[in-house]
Structures are given as C-alpha cells and as structure tokens.
Amino acid sequence: MANKTVANEHHGFPWKHLIGFVLSIVLTLFALWIALETDLSMTWILIIIFGFAFLQAALQLLMFMHVTENSTKSNLTSRVQIGNILFAAFVAIVIVIGSVWVMAAGHAKHDKHQHSPKTENHENHGGGSEHDSGEHGSHE
Amino acid sequence: MKWDEFFVTGDPMIYGADVSIVLTMVGILFYLTKYKKWKWLWDEWLTTVDHKKLGIMYIVSAVLMLFRGGVDALLMRTQLAVPEAKFLDSQHYNEIFTTHGTIMIIFMAMPFLIGLINVVVPLQIGARDVAYPYLNAVSFWTFFIGAMLFNISFVIGGSPSAGWTSYMPLASNELSPGPGQNYYLLGLQIAGIGTLLTGINFLVTILKMRAPGMTLFRMPMFTWSSLVTMVIIIFAFPILTVALALMTFDRLFGSHFFTLQGAGMDMLWANLFWLWGHPEVYIVILPAFGMFSEIISTFSRKTLFGYKAMIWSMLLIAGYSFLVWVHHFFTMGSGALVNSVFSITTMAIGIPTGVKIFNWLFTMYRGKIQFTTPMLWSLGFIVNFVIGGVTGVMLAMAAADYQYHNTYFLVSHFHYVLIAGTVFACFAGLIYWYPKMFGYKLNERIGKWVFWVFTIGFNVCFFPQYFLGLDGMPRRVYTYSEESGWGPLNMVSTIGGFMMGIAFLILVYNMYYSFRYAKRETTGDAWDGRTLEWSTPTAMPPFYNFAKIPEVTGLDHFWRQKQAGKVEKLKVEDIKPIHMPSNSGVPFIMASFFFVAGFGMVFDWMWMAIAGMIGVFATLFYRSFEYDDGYYVSVEEVIETEKISK
Ligand code: HEM
Ligand SMILES: [Cu+2]
C-alpha cells in the first residue's frame, strides 16, 4: 500500500543509488585485484582490504540506508533507528571479533596449520594450558 | 552427465517415489483441467498478495514438508529399531538424516511459523495488509522454490548427505562429490532470500502499520514475539547467506575458504554456521512462545501475567542469542577460556526463558481454565519444554558436553525443545486460528486424540534417547551392534516414533472430517478471544480485513470492549473507499527463474544458471518500471461484503 508522499519523494533519477552501486562494485573488484594480483605482504593485503570493507560499509549506509535522514515525525522512529544501529554494531563486532577469538584460541588454531608439524607455542593458548596439554593425547 | 546419473537409480523405494510423484502430478493436472481450475489457481493463489492467502500457502507447504520430513524420520527409526538392520545402507541413511534435519528446520518449522505470522499479525495490529504485500509474495515464492529445489534432490541427482550442519571438509567436493551438497547450498540460499525479506517486511509492518492507539506496549504478545523474531532474522540470516555463498564458491569455483588445502579453515564453516544457527533456534522458538502466550491467556480468561517481563526477556534473548554459538562445538577445543565464557553465556540464556515459564504459570493461576485442544498443547508444551531446557543447561557445561556431544543425549535435547516447543506451537496455533483461516473449527474430540497420541508417542520416542546417549550411543550412525545393548531402548523409541506418525494421520483425518461436518462459525470470535483478529464480524475476515480500522485504547482491547458491552457496530457513514494492493504474477515468475538458475548451479551447468539469473534480473527490471499504486474498493462493495443494511 504505497504511501503517496513517500512515493513522490522518490521520483526523479536515483543518482545516489546508481553511484553507490557502481562504487560498491568497483571497491569489491579493487579488493579482489589487491588480493589476487599484487605481491604485497599478507599484512598489507589485509590492512588494505579491511580498509576497503569499512569504506564500502560506510558508502552503503550513506547511499542506500538513509543513515543521515533523521525522523522529525516521531520519537519512536528515531529511537528505533538508533536501537537498530547499535544492535547492528553489536552483532557485527560479535561476529568479527568473536570469530577471530574463537578460531585463534587453543586447538582451533591448528585448523590453519593442518599440515605443519606440531609447532604451537603455549603462550597463545586461550588460558588453561594444563587443560590443553591434557587434551593432546587424544588429539594426536 | 548420463541419464542414469541424472536420475537416482537402483533403489526400489526411490522408484516407488518416482511413480508416486508422477501420479500426483498427473492427478493434479487432470483435476485442474477437468474442473477448469487453472484460472482460479492463477487469480486466487499464484498471483495473490493477500497476507492471509500467502499465510495459508505457507502453512500448507509446511504441512507437506512435515509429512516428507516425517517419512524420513520413520525410515530412520525403522532402520534403528533393531541392531544390524539391513533396511537402509549407510549412504542412504546419511542422506535421509541430512534431508530430515534440513527440511524440518528450514522448510517446515520456519514456514509454519511464518505462515501463522502472516495470517495473524496484520489482523492483530488492525492493519489491512503487510507493509510490502508484493514483497511478501516474493518471500513466499522464493521459499517455496527453494524447498522444491531441495526436495527433488532425492530423485534427480542424489540428496546431500553431510548433515543439516554440513560441516567441512565432509561437505567438500572430495568427500561429497556430485550435485547433492549443491542442492543444500542453493536450496537454502534461495529460500533464505524469502526469509530475509519476510524479516524486513514484518519489522516494518509491525512498526509502521499498527492501528491508531496501539502503542508498542499495547501490542499482543504474539505480535511482540514476531517483532523480536524479525529482528533476529534480519541480523542472523545474512551470516548464513555469506557462509553458503563461500561454500558454494569452494565447491563450484575452486576457492579455499573452508577447504583443507590452500590455507582454508574448515572449522570456520562450523563457526559461521552456528553464528547463524543458534539465533535460528530462537527464531523458531520465539513465535512459539508468543502463540502459547495468546492461547494460555485466552483460555485462562486472564490478561497475560508479567506482560512487560515477557517482552524484556524476549529482547534479552534476542541479544543473548548471538553470544552463545560456540556451545555447539565446545569439542573443537578452543581452550578453557573460550569454552568457559560460552558455557556461562549459554547458562545465562536459560534465565529469561525460565522467567517466561513462570509468567505462563502465573497467568493460569486462579484463571478459569478451559481445556480446549490449543490449551492442551500449551500445557503439554510447558511440561515437556522444561525437560528440554534442563537438559540444555546440562549440555551447556562445557566439560560435561565432551561427554554428551554427538550422542543421542543431544538428539533428545533438541527434539524436546523443537518438538515440544515449535511443533506443539504450530499445532496449537493452527487449531486456534483455524476458524480465522477456514471459517470452522477442527473437531475437538478428534483433536484431543491427536494430542494424547502425539504427546505420549513423543515421550516414548525421545525420553529413552537420553539414556541411549548417556550409554554412549553416537548420533548419525546407521546401525549398531547387538553387544552394545542399545537394541531394546531403540525399539521403544521406534514405537514412539510411529505413534507420532499415527497422530499426524489422525490430524489430517481431522482436517477432512471437520471440512465435511464441522459447524460453520457465524461470528468472527470463535474462542471468545481477546485480541483484534477476533473482532472481525465474519469468521473469515474479508480481503481488506477491517472495513473500519479499529481504534485501540489498551492491551486486550477487544476483550475489554466485550466486557464493557461496548463492541462497536460498523455504521455506513464510517465506510470509506479502501486502498488495496493489486495482484501480481511477477513474484511467481521470478521465483521460477530462481529455480532454473539454482538447478543450473546444482549441476554446474553455467549456461543454465546464467539464463536463469537473466530471467531473475529481467523480472526485477520489469518491476522497477511498473507503476501500480493499487486500487480502491468502493464503498458499495464494502457494504455488500459486510452485509450491513443502510
Ligand atoms: C535453555 C535453553 C537452551 C540451552 C541451555 C541449550 C543448550 C544447547 C547446547 C549446549 C547444545 C549443544 C550440545 C552439543 O552439541 O553437544 C544444544 C544443541 C541444540 N539445541 Fe539447544 N539449548 C537451549 C534451547 C534450545 C532451543 C529453544 C532450541 C530450539 C527450539 C534448541 C535447539 C537445539 C538444536 C537444534 C541443537 C543441536 C544442533 C545440532 O547439533 O544438530 N535448543 N543446545
Ligand atoms: Cu545453540
């Protein structure tokens, strides 16, 4: 049920969306190129593509997600918007930091070194090293 | 690829399935043609954007999927009834538990709940449809096509067999060659689009389309639970989308996100899967909680106890549900710190859940309880769900979980929460809102038989599995030895499984029986309800739901109106032309192109995938340039429909 006033605001050519769309694709292709075609070190590749990722997230918030629009219509709408953004930030942080933490702690980190001999250093373990060494028997 | 690889061959059961599929198709085509129903089908169903009809289609599909998943379950139980049975071989068994789990969660539980949400929520908030009716049709059709794509796998190309969790490296090309696993990836991906769109659609609907006066804290509990569910969907489903896409890349285009070679991280799949997967279990339980809240309050003749506490505990659950995922792989060995942290968060999530249980109990306390079938299911839920929750907290202790993990103890836990929670709710909600959808109630006497046979069967089936698990029986094994001593309890469990199957058949019979013989409802208020969906004058609301949008003054508005003897009568002066959205065939056509694209990807036929995607984009493009602002229902037509005299 199209709300008339909303529909009218959106007439005219959607330049904002088009630019956002094209820039998103360009940034993605660029990241791909950096990762596949350059011989930068792993650290630099990571830094650069993370940079692109943040840039793209910001771009999409600006171009598609109306992040700058604030609602004067109702208190509820702006509260919902703020709650939404905060929850999104919470989930994003949990996903990224949580995954890195979980995948890098303890035995999980072997996952990356399937074929390398046992070279783990115990300082990196997520806490209880007695526990870890206890498990080694069953792991091998 | 040769034809005998394309079609699954060699198993008499599969041939039987082939024959029955062909016969059913021929039967349907014959029926539609003979009774000239094609136009009816297209106009009334395939192109509809009416939330009630879409909801009914969701529910019908879900019941069909319940049947399919149920047959899978009984095949597995038959194989496990006795030690060293030869009924299914290991590969076939693996395929069946994989399709069973995936279908039950993604294609049964979710659509069943989403179907009920579709039917009920717009009515409960006094709206005429959802915020984006067209998008709602896209949601349904992408879900349906995703489900069909997944389901044909067992006759065309072979089913996935790496479990509903599809852990890598088992699900990789090396260990799961062939199209099976691709069906999983593409079927879920396409259906996932629909789910995500539903999330957005209903979030906006609930926030923006409530009747005047219905503030957030006056919304019925089912609407609240749907709102929270939609928030979880919006934030959790993209994780699955990305994970599925990455695995699709691994399988089709040779990338190394989760592979063993090329510095891939196989456990990262498990990590991402459960980052979605745990919120997912709350997606399928929160609407269930909402329905039980409505039903318990209606049949205790009391306002829900602790309304605000219920809401806050749901919001807490929504946040928490993103903080516990590692409890599904404590045994990966992330070390004591990680496991302890997730152990504690997991136990903490039990607290808001416990709060809700007490709220239901206090709602019933001193209420005038009516033991209708929906109420029986709700009472059964409370008792059995607590067993599931308690064993959940046991599993949450990381150290103990090393013992329980991957055993039948776990299998029993999640069936106690998923069946006694979600499935009981689906039955309860279906029976409760049946008169809203079809204009008559299901027979109560037969309904009580269904309840008792199912609930007893459920406990006979799953309670012994706790002990099998403690005795060391691993999950996902296709057979076991005589010496293990697991035979007798497995036999008991199988008997319980078949009892549930029988209960399902009685339920279907009840649908037929009630269709034939049930007394038709003459008012919109079949159960003496409390919320707005019961306030429509006719049993089944007209397509525009409300001739006049109600004005809400508080919680349980309709109930309080009835108590005060002040139910508003519709007056001719109040009627104004009603703005409604037009039907559209595009969502159905778009989803059909998704099928072509998905099928092409499954078999790695890129020409077909590309052709399908071009079709999808063409429909998107078409829609972008289609200016259709809907139409107006005239005052005369409303008067005619509402049968009021001038
Ligand atoms: C009191 C709340 C709950 C707690 C503490 C809890 C805890 C757990 C834990 C620790 C596991 C992992 C065990 C293992 O793999 O060894 C698990 C598995 C599972 N839980 Fe729960 N749970 C709770 C509620 C629920 C609910 C409400 C649902 C769904 C409606 C659910 C569905 C599942 C499923 C499907 C699995 C197994 C998935 C698989 O491995 O295939 N749980 N639960
Ligand atoms: Cu979980």
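The number of residues in segment B:78-95 being open to solvent by 10 Å² or more (accessible area, probe 1.4 Å) and part of a helix (DSSP H, G or I) comes to 6.
Considering the conditions (1) away from ligand 2 (no atom under 14 Å from the Cβ); (2) open to solvent by less than 10 Å² (accessible area, probe 1.4 Å), B:L275 is excluded by exactly one of them, (1). Residues considered: B:I239, B:I296, B:I285, B:I232. Of these, the only one that is within 16 Å of ligand 2 (Cβ to nearest atom) and more than 14 Å from every other protein chain (Cβ to nearest Cβ) is B:I285. Identify the residue in segment B:543-587 that is surrounded by fewer than 18 Cβ atoms within 10 Å (Cβ to Cβ) and either under 21 Å from B:F438 (Cα atoms) or small (G, A, S) (or both) and, among all such residues, is farthest from the other protein chains (Cβ to nearest Cβ). If we take residues in segment B:543-587 being surrounded by fewer than 18 Cβ atoms within 10 Å (Cβ to Cβ) and either under 21 Å from B:F438 (Cα atoms) or small (G, A, S) (or both), then B:G565 is farthest from the other protein chains (Cβ to nearest Cβ). Please work out if B:S343 is touching a Ser or Thr at 6+ places or on another chain (Cβ under 8 Å), within 16 Å of ligand 2 (Cβ to nearest atom) and either within 14 Å of chain A (Cβ to nearest Cβ) or within 27 Å of B:V63 (Cβ to Cβ) (or both). In short, no.
Is segment B:312-327 home to any residue that is within 10 Å of ligand 1 (Cβ to nearest atom) and more than 14 Å from every other protein chain (Cβ to nearest Cβ)? No - not one qualifying residue is present in segment B:312-327.
Could you check segment B:445-473 and list, in sequence order, the residues that are more than 15 Å from B:I387 (Cβ to Cβ), open to solvent by less than 50 Å² (accessible area, probe 1.4 Å) and of a type outside the set (G, A, S)? Selection gives B:I446, B:V450, B:F451, B:V453, B:F454, B:L468, B:M473.
For B:L227, the criteria (1) at the interface with chain A (Cβ under 10 Å from one of its Cβ atoms); (2) more than 16 Å from ligand 1 (Cβ to nearest atom); (3) part of a helix (DSSP H, G or I) hold in every case but one, which is (1). Pick from segment B:356-403 the residues that are surrounded by fewer than 20 Cβ atoms within 10 Å (Cβ to Cβ) and of a type in the set (S, T, Y): which of them is farthest from ligand 1 (Cβ to nearest atom)? Only one residue tops the list, namely B:Y365. Only residues that are open to solvent by 20 Å² or more (accessible area, probe 1.4 Å), within 16 Å of ligand 1 (Cβ to nearest atom) and within 14 Å of chain A (Cβ to nearest Cβ) were counted in segment B:146-182, giving 1. Scanning segment B:163-197 for residues that are more than 16 Å from ligand 2 (Cβ to nearest atom) and either part of a helix (DSSP H, G or I) or under 14 Å from B:I103 (Cα atoms) (or both) yields a total of 19.
Applying a threshold of 7 Å to beta carbon distances and a minimum spacing of six or more residues, or different chains, the list of pairs starting in segment B:481-499 at a residue that is among the β-branched types (V, I, T) and ending at one that is assigned to a loop (DSSP other than H, G, I, E, B) reads B:T494/B:A81.
Note on segment B:341-352: residues that are touching a residue at least 40 places away in the same chain (Cβ under 8 Å) and open to solvent by 20 Å² or more (accessible area, probe 1.4 Å) amount to 2. Note on segment A:91-100: residues that are within 7 Å of chain B (Cβ to nearest Cβ) and open to solvent by 10 Å² or more (accessible area, probe 1.4 Å) amount to 3.
Yes/no per residue for (1) of a type in the set (A, V, I, L, M); (2) more than 14 Å from chain A (Cβ to nearest Cβ); (3) open to solvent by 20 Å² or more (accessible area, probe 1.4 Å):
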site: B:T98; (1), (2), (3): no, yes, no
site: B:G115; (1), (2), (3): no, yes, no
site: B:V119; (1), (2), (3): yes, yes, no
site: B:F144; (1), (2), (3): no, yes, yes
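For segment B:324-340, a residue qualifies if it is free of Cβ contacts under 8 Å to residues at least 24 places away in the same chain and within 16 Å of ligand 2 (Cβ to nearest atom), and the qualifying residues are B:S334, B:V338. Scanning segment B:306-331 for residues that are small (G, A, S) and part of a helix (DSSP H, G or I) yields B:A309, B:S313, B:A318, B:G319.
Taking the conditions exactly as written (of a type in the set (V, I, T) and closer than 26 Å to B:E444 by Cα), does B:T536 satisfy them or not? Taking the combined requirement at face value, the residue satisfies it.
Yes/no per residue for (1) closer than 30 Å to B:Q261 by Cα; (2) modelled with pLDDT under 80:
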{"site": "A:H66", "(1), (2)": "no, yes"}
{"site": "A:I85", "(1), (2)": "no, no"}
{"site": "A:W101", "(1), (2)": "yes, no"}
{"site": "A:N124", "(1), (2)": "yes, yes"}
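Checked against (1) surrounded by fewer than 21 Cβ atoms within 10 Å (Cβ to Cβ); (2) touching a residue at least 40 places away in the same chain (Cβ under 8 Å); (3) touching a helix residue (DSSP H, G or I) at 6+ places or on another chain (Cβ under 7 Å), B:A263 meets all criteria but (2).
Quick check on my filter: what residues within segment B:23-52 are assigned to a helix (DSSP H, G or I) and buried (at least 19 other Cβ atoms within 10 Å of the Cβ)? Scanning segment B:23-52 gives B:H51, B:K52.
The values are calculated or read from the model by the stated rules, or taken from the named source; none is laboratory data. All of these numbers come straight from a predicted model, not from anything done at the bench. Neighbour counts are summed over all protein chains in view; Cβ atoms, including those assigned to glycine, are modelled from backbone coordinates with ideal geometry. What goes into the accessible areas is simple: the full protein's heavy atoms, side chains included, and nothing from ligands, DNA or RNA. Shrake-Rupley method; radii C 1.70, N 1.55, O 1.52, S 1.80 Å.
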